[in-house]
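S.K.: Next up is a structure, given as structure tokens.
The values are calculated or read from the model by the stated rules, or taken from the named source; none is laboratory data. Model, not experiment: these values are computed from the prediction. Ideal geometry is used to build each Cβ from the backbone, glycine not excepted, and the neighbour counts take in all protein chains shown. Keep in mind that these areas ignore ligands, DNA and RNA; they rest on the heavy atoms of the full protein, side chains included. Shrake-Rupley method; radii C 1.70, N 1.55, O 1.52, S 1.80 Å.
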Amino acid sequence: MSGSGKSVVKFEMSSSSAIMPRLLIVLGMVAAVVTILYFTPMPDHTFKSCDRPCHALDWPMICRIQLTIEMYQTMSGVCKDCPKNTTDCNNQFCATADGQARGIITANRQIPGPPIHVCHNDIMVIDVINKIPGHSLEMHWRGQPQNEAPFMDGVPMITQCPINSYTNFQYRFRASSPGTHLYHAFADSDRADGLAGALIVRQSDKLEPHRKLYDEDLKEHVVMLSEWSGDLVSEFSANNDVPKSILINGKTVSEAGTGMSIFNVKMGRRYRFRLAYASGNFGCPMVLSIQDHLLKVIALDGKSIKPHEASSIKLNKGERLDFVLKTDQNVGKYLVKVVSHCRGHKIEGSAVLNYEVSPEATRLKERTRSSRPSPRNFDTAYCSREIGKVCTTDVAALDKMPEALREVNRRIYLNFDYVRADERDDTFVEWKNRKYRVNNISFTFPPSPIFTQPEDVPFSSICNELKTPRNCERMETCECVHVEHIPLGAKVEIILLNSGEDDQEFIFHLHGYHFYIVGYRNFDFPINIEEMKALEARDELFKRNLLSPVLKDTVRLPRNSSVALRFLADNPGFWMLRDEQSKGYTRGMDIVFQVGSYRDMVPPPSGFPSCGSFVGPDFFLI
């Protein structure tokens with residue numbers, strides 16, 4: 001018994017002596033880890049560039065971007081001997097445009113502005129620094145709904161104060177809507193002078209619905225189109241500042257001999273191109289084609305559609321379109337051509353699609369073809385069916401419209417037109433003979449941002465069809481802040497009517513939302529809004545598509561036509577339906593939708609800039 005007891009004690013002592021070294025090792029490792037963590041600086045989660053492959057399981061990045069806005073010049077000193085020495089035309093900050101010197105407004109001295117490539121749900125922190133003397137501006141992030149930060153939408157006197165000269169405004173928002181989008185100045189004249197750029201929000205390959213249709217999605221294949229005038233565009237200029245040409249990524253063929261933009265590809269591949277119509281003084285439709293190639297359209301305004309092949313693409317200002325190009329031709333150079341017929345004028349732009357020589361080119365040479373594809377045009381407008389033409393009417397979204405939007409509980413009718421102005425009226429030069437309006441209301445901006453400073457906006461200045469200011473009684477057209485109220489959660493249908501007298505096509509962009517285009521009709525004769533309402537009451541206005549209509553944020557409205565838009569009002573805030581043809585802030589055809597009440601809206605952060613009118617105190621001069 002005693003012997004067995006001694007052995008037990010001996011075993012217990014040996015176990016205890018074995019635990020101690022292990023415990024010391026563990027404590028030492030913990031101390032080492034704590035020491036390393038203590039002396040290692042915290043990682044910087046802010047990135048100057050978020051251009052990277054996007055993966056489904058990656059955390060969003062914080063993307064720090066600085067846009068310095070300043071007056072600049074094409075063919076400036078940094079271009080040196082361009083175009084005599086074509087190498088100098090590619091110098092950093094050399095803006096060649098059409099080879100002629102003229103003033104421009106730029107972001108970081110580039111036209112178009114530097115492209116922004118991010119991943120879905122990245123946090124954008126963008127410092128916009130205004131270095132233009134005596135000129136205020138704002139930046140709008142087209143395609144981003146701003147659900148979490150409605151005060152970052154970039155609309156002057158609605159969501160923010162203008163950014164004054166030599167001041168900085170920091171935009172912070174989440175890139176919550178993937179696709180091909182734009183950033184640009186709110187004022188159309190600033191956009192036409194160069195202040196616009198691409199905003200590309202990619203998502204992981206697993207979430208990209210058309211990923212199997214292409215092999216490459218390169219940042220070099222973003223195509224930015226813009227009309228180009230001979231001088232600075234002003235919102236007060238006469239309406240005869242005819243564009244001279246079309247720029248493709250800031251360049252076009254010119255008499256001066258400056259080079260065109262070049263898009264490099266390799267044979268036997270399928271490339272995704274991202275096309276955007278960024279800006280223009282006239283804002284007339286453009287038609288893009290690529291010699292001997294078909295274009296497979298896969299997305300409109302950042303939203304996927306069922307693919308359609310076409311030999312040419314027609315779009316208008318503010319619209320974006322993605323297409324897949326298959327490089328199945330012989331090695332060589334092919335012309336990328338853009339043409340616009342507008343108000344009796346024809347303007348053009350050119351670029352080059354260049355096949356690079358590669359090992360695949362030799363192996364695939366026997367399978368190439370050189371015959372031109374049969375003509376088939378893709379048009380982003382709504383139009384009647386025609387042979388050889390695909391319109392938005394014929395296009396279906398990849399996903400069906402939500403069942404909840406089959407019925408609506410808020411319908412708004414908007415009639416866009418103009419009246420001849422009295423010769424005694426003091427109006428802008430461009431509109432000296434016209435007053436543009438919506439439902440007899442000509443929009444004007446409030447003295448302070450209605451979203452962030454409602455207490456500084458006189459109640460008497462706000463109007464709609466149900467509320468007309470006293471000073472507008474018995475007036476044909478009332479000038480006021482046109483605000484339509486929409487309850488939060490409402491299922492909304494907006495019916496637009498273009499009853500203008502001329503052939504001008506109106507273009508509208510809805511901030512804060514994408515909408516389903518559920519109905520379209522073109523009338524053979526002018527009608528008024530009462531006649532349109534009567535047709536709707538008899539269920540004769542539209543044959544609506546409630547299954548899979550296209551989802552967009554910009555819509556074209558030809559003369560004597562009507563379009564029906566639907567969306568679920570689930571994003572509270574003040575959102576503008578913007579007239580894309582306004583050279584400056586407005587020409588009267590804008591309208592603001594107040595979705596929800598102020599208590600439903602995300603409040604602006606403390607210290608948000610304020611502005612407004614000033615009336616000094618009473619005093620006596622001594």
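S.K.: Consider just the alpha-carbon atoms of the range 478-567 and return their Rg together with their Dmax, both in angstrom.
M.R.: That works out to 13.7, 39 Å for Rg and Dmax.
S.K.: Let me ask another. Plugging the Kirkwood radius over Cα pairs into Stokes-Einstein for the range 500-539, at a temperature of 20 °C and a viscosity of 1.002 mPa s, what D comes out in µm²/s? Write out the running numbers ahead of the final one.
M.R.: Working: Rh = 12.9 Å.
Estimated via Stokes-Einstein, D reaches 166 µm²/s.
S.K.: Same structure, new question: Just the number, please: Stokes-Einstein D of the chain in µm²/s, Kirkwood Rh from C-alpha pairs, 37 °C, 0.692 mPa s.
M.R.: Numbers: Rh = 26.9 Å.
This corresponds to a translational diffusion coefficient of 122 µm²/s.
S.K.: Using only alpha-carbon positions, what ratio does the radius of gyration of the range 524-622 give when scaled by 2.2 N^0.38 Å? Kindly include the intermediate steps, with their values, before the conclusion.
M.R.: Numbers: Rg = 21.2 Å, N = 99, 2.2 N^0.38 = 12.6 Å.
Rg over 2.2 N^0.38 Å, computed on Cα atoms: 1.68.
S.K.: Say R0 is 45 Å: what FRET efficiency, to the nearest 0.05, do Asp58 and Asn264 get from their beta-carbon distance?
M.R.: Values: r = 29 Å, r/R0 = 0.63.
Once the sixth-power term is evaluated, E becomes 0.95.
S.K.: For a quick check: with amide H placed at 1.01 Å from N, whose amide H comes under 5 Å from Ala299's, ignoring anything fewer than 5 positions away on the same chain?
M.R.: Residues meeting the amide H criterion: Ile305, Asp322.
S.K.: Here is a follow-up. Based on the mean of other beta carbon atoms within 10 Å per residue, what is the order of 555-564, 93-102, most packed first? Kindly include the intermediate steps, with their values, before the conclusion.
M.R.: Working: 555-564: 22.1, 93-102: 19.8.
In descending order of packing, they fall as 555-564, 93-102.
S.K.: Another question, if that's okay. Work out the count of Lys pairs in the range 199-292 where the Cα-Cα distance is under 26 Å, with the pair 8 or more places apart or on different chains.
M.R.: Number of lysine pairs found: 6.
S.K.: Place the peptides 126-133, 291-298 in order of packing, highest mean first, counting for every residue the other Cβ atoms within 10 Å and averaging per peptide. If you can, show how the numbers build up before the last one.
M.R.: On the way: 126-133: 16.9, 291-298: 19.2.
Packing proxy ranking, top to bottom: 291-298, 126-133.
S.K.: What relative contact order, as a whole-number percentage, does the chain give when Cα pairs under 8 Å and 6 or more residues apart are counted? Mind dumping the intermediate values first?
M.R.: On the way: 1520 pairs, mean separation 75.2, N = 622.
So the answer I get is 12 percent.
S.K.: Here is a further query. About its Cα centre, what dipole magnitude does the chain give when the only charges are +1 on Lys and Arg Cβ and -1 on Asp and Glu Cβ, stated in debye to the nearest 20?
M.R.: Details: 73 positive and 74 negative charges, 489 e Å.
Around 2340 debye, computed over the chain.
S.K.: Taking R0 as 56 Å, what FRET efficiency do you get between Glu348 and Asn168 from their Cβ-Cβ distance, rounded to the nearest 0.05?
M.R.: Plugging the Cβ-Cβ distance into 1/(1 + (r/R0)^6) gives 0.90.
S.K.: Another question about this same structure. Rounded to the nearest 20 Debye, what is the dipole magnitude of the range 109-173 about its Cα centre when Lys and Arg each give +1 and Asp and Glu each give -1 at the C-beta? Write out the running numbers ahead of the final one.
M.R.: Working: 4 positive and 5 negative charges, 46 e Å.
Value, rounded to 20: 220 debye.
S.K.: Right, here's the next one. Once Lys and Arg get +1 and Asp and Glu get -1 on their Cβ, which of Gln160, Leu218, Leu207 lies farthest toward the positive end of the dipole of the range 117-224?
M.R.: Going by the charge dipole, the pick is Leu207.
S.K.: Given the options Gly332, Gly616, His485, identify the residue whose Cα lies farthest towards the positive end of the charge dipole of the chain (+1 on Cβ of Lys, Arg; -1 on Cβ of Asp, Glu).
M.R.: Gly332
S.K.: Looking at this model, which pairs from Lys337/Lys543; Lys296/Lys333; Lys131/Lys303 are more than 26 angstrom apart at the alpha-carbon? Mind dumping the intermediate values first?
M.R.: On the way: Lys337/Lys543 36 Å; Lys296/Lys333 20 Å; Lys131/Lys303 35 Å.
In this structure, Lys337/Lys543; Lys131/Lys303 lie more than 26 Å apart at Cα.
S.K.: About the Cα centre of the range 526-609, how large is the charge dipole given +1 on each Lys and Arg Cβ and -1 on each Asp and Glu Cβ? Please answer in debye to the nearest 20.
M.R.: Details: 12 positive and 11 negative charges, 46 e Å.
With Lys and Arg at +1 and Asp and Glu at -1, about 220 debye.
S.K.: Taking only DSSP H segments of four or more residues, each worth -39500 (n - 2.57), what value at 222 nm results for the chain once the sum is divided by all its residues, to the nearest 500 deg cm²/dmol? Working shown, then result.
M.R.: Details: 4 runs with 57 residues, N = 622.
Theoretical 222 nm ellipticity from helices: -3000 deg cm²/dmol.
S.K.: Where in the range 433-447 does the label zone of Arg559 land, with the point 7 angstrom along Cα→C-beta and an amide N cut-off under 17 Å?
M.R.: 433-437
S.K.: Still on this model: For the residue pair Glu220 and Glu473, what label-to-label distance in nm results when each label sits 7 Å from Cα along the Cα-to-beta-carbon direction?
M.R.: So the label points at Glu220 and Glu473 sit 6.9 nm apart.
S.K.: OK, next. Count charges around Cys79 for me, please; just the other residues with Cβ under 15 Å from its Cβ, Lys/Arg as +1, Asp/Glu as -1. Let's see the in-between values first.
M.R.: Values: positive: Lys80, Lys84, Arg102, Arg109, Lys251; negative: Asp81, Asp88, Asp98.
That sum, taken over residues with Cβ under 15 Å, equals +2.
S.K.: What do the square roots of 5 times the Cα gyration tensor eigenvalues come to for the range 235-335, in whole Å, largest first, as semi-axes of the equivalent ellipsoid?
M.R.: Values: eigenvalues 146, 77, 20 Å².
Its equivalent ellipsoid spans semi-axes of 27, 20, 10 Å.
S.K.: Once both labels are modelled 7 Å past Cα along the beta-carbon direction, what's the Phe523-Ser384 spacing in nm?
M.R.: 1.6 nm
S.K.: Next up: When the accessible area of the chain is computed with all protein chains present and a 1.4 Å probe, what percentage of it is carbon and sulfur? Provide the component values of the computation, followed by the final result.
M.R.: Details: 15960 of 29540 Å².
Roughly 54 percent, rounded to a whole number.
S.K.: With a Förster radius of 56 Å, plug the Cβ-Cβ distance of Ser548 and Leu27 into 1/(1 + (r/R0)^6) and report the FRET value to the nearest 0.05. Working shown, then result.
M.R.: Details: r = 64 Å, r/R0 = 1.14.
Computed FRET efficiency for Ser548 and Leu27: 0.30.
S.K.: As an exercise, find the ratio Rg/Rh for the range 154-222 from alpha-carbon atoms, using the Kirkwood inverse-distance average for Rh.
M.R.: On the way: Rg = 16.2 Å, Rh = 15.0 Å.
Rg/Rh for the range 154-222 comes to 1.08.
S.K.: Roughly how many Å² is the accessible area per residue of the chain, as a whole number, for a 1.4 Å probe?
M.R.: Working: 29540 Å² over 622 residues.
Using a 1.4 Å probe on heavy atoms only, each residue of the chain averages 47 Å².
S.K.: If the label point is 7 Å along Cα→Cβ of Leu335, which residues in the range 96-110 have backbone nitrogen under 20 Å from it?
M.R.: Only 98-99 pass the distance filter.
S.K.: Summing +1 for each Lys or Arg and -1 for each Asp or Glu, what net charge is found among the other residues whose Cβ lies under 9 Å from the Cβ of Ala185? Each step should come with its number before you reach the end.
M.R.: Working: positive: Arg191; negative: Glu138, Asp188, Asp190, Asp193.
Every neighbour counted, the sum reads -3.
S.K.: For Ala95, what charge total do you get from the other residues with a beta carbon under 14 Å from its beta carbon, if Lys and Arg give +1 and Asp and Glu give -1?
M.R.: 0
S.K.: What distance in nm lies between label points placed 7 Å from Cα along the C-beta direction at Val357 and Glu403?
M.R.: It is 6.1 nm.
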